[in-house]
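The values are calculated or read from the model by the stated rules, or taken from the named source; none is laboratory data. These figures come from a predicted structure and were not determined experimentally. As a convention, Cβ positions derive from the backbone with ideal geometry for all residues, glycine included, and neighbour counts pool all protein chains shown. Quick note on the areas: whole protein, heavy atoms, side chains included, nothing else; ligands and nucleic acids left out. Shrake-Rupley method; radii C 1.70, N 1.55, O 1.52, S 1.80 Å.
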Amino acid sequence: QVQLVESGGGLVQPGGSLRLSCAASGSVFRINAMGWYRQAPGKQRELVAAITSGGSTNYADSVKGRFTISRDGAKNTVYLQMNSLKPEDTAVYYCNADIWVVGRPLPSDYWGQGTQVTVSS
């Protein structure tokens, strides 16, 4: 009924930039908070950044000043602009959203399939 589809991952050199996108499709009525998580090999999944429907943002300390989360309500899309990338940013990045689905009484939590970001020279 609802899918989150991510794009924009890849290989980048240290100091470089990438922009991730995540679009929600299907029977979307409204989207509450949206966010990006990441999981590196052997580590737990962690919150990178989140944005509410009103535009308030929250960032992990490790990415503050380097990453920027934004959203386009008309396109049901969330973005993550990643600048000054470091090798320790290497991980699979997952999109997450709290979505009201048409016909359902409560919102549900959805995840994207993940996109690999590798920072290496």
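Side notes on the structure shown:
- Among (1) in contact (Cβ under 8 Å) with a residue 40 or more places away in the chain; (2) open to solvent by 60 Å² or more (accessible area, probe 1.4 Å); (3) of a type outside the set (D, E, K, R) - the single one M34 does not satisfy: (2)
- The set of residues from region 13-24 being farther than 19 Å from A60 by Cβ and surrounded by 13 or more Cβ atoms within 10 Å (Cβ to Cβ) comprises G16, S21, A23, A24.
- Test: residue in region 1-14 that is at pLDDT below 95, in a loop (DSSP other than H, G, I, E, B) and over 17 Å from Y93 (Cβ atoms): yes
- Here the condition is being within 13 Å of the chain's Cα centre (by Cα) and of a type in the set (G, A, S); of A40, A74, A23, it holds for A23 alone.
- Region 60-69, residues that are under 14 Å from N83 (Cα atoms) and surrounded by 15 or more Cβ atoms within 10 Å (Cβ to Cβ): V63, R66, F67, T68, I69
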